[in-house]
Amino acid sequence: MPIMDGLQTLEALKARNITVPIIMLTADIQEWLKARCLELGATMFLNKPIKQAKLQEALQQILPTPQPTEIPCT
């Protein structure tokens with residue numbers, strides 16, 4: 001990322017008390033980085049190269065489940 005890296009972004013969000021679901025996606029496999037990201041509020045931490053099924057599973061866990069919409073019969 002050109003201005004801030006992912007860790008800096010998490011730190012900035014935490015400093016502003018902003019909580020949103022975040023999936024960290026990185027080629028860095030260091031355990032300290034994963035632990036720090038999760039400590040700062042990341043929802044999940046995935047390593048590259050990412051498999052499509054793993055990403056879909058992560059997205060299903062953090063995205064709200066669509067609720068069926070009732071359509072009135074007229």
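Coordinate-derived values only; no laboratory data. All values reported here derive from a predicted model rather than from experimental measurement. Glycine gets a Cβ as well: all are built from the backbone with ideal geometry, and neighbour counts include every protein chain shown.
So, in the stretch 43-73, of the ones that are among the charged types (D, E, K, R) and farther than 19 Å from ILE29 by Cβ, which residue ends up surrounded by the fewest Cβ atoms within 10 Å (Cβ to Cβ)?
GLU70
Taking only pairs six or more apart or across chains, which ones have beta-carbon atoms under 8 Å, a first residue in the stretch 6-26 that is free of Cβ contacts under 8 Å to residues at least 40 places away in the same chain, and a second residue that is among the charged types (D, E, K, R) and loosely packed, with under 12 Cβ neighbours inside 10 Å?
Between residues of the stretch 6-26 that are free of Cβ contacts under 8 Å to residues at least 40 places away in the same chain and residues that are among the charged types (D, E, K, R) and loosely packed, with under 12 Cβ neighbours inside 10 Å, the close pairs are LEU25/LYS48; THR26/LYS48.
Taking the stated definitions as given, is ASP5 surrounded by 10 or more Cβ atoms within 10 Å (Cβ to Cβ), more than 15 Å from the chain's Cα centre (by Cα) and among the charged types (D, E, K, R)?
The answer is no for ASP5.
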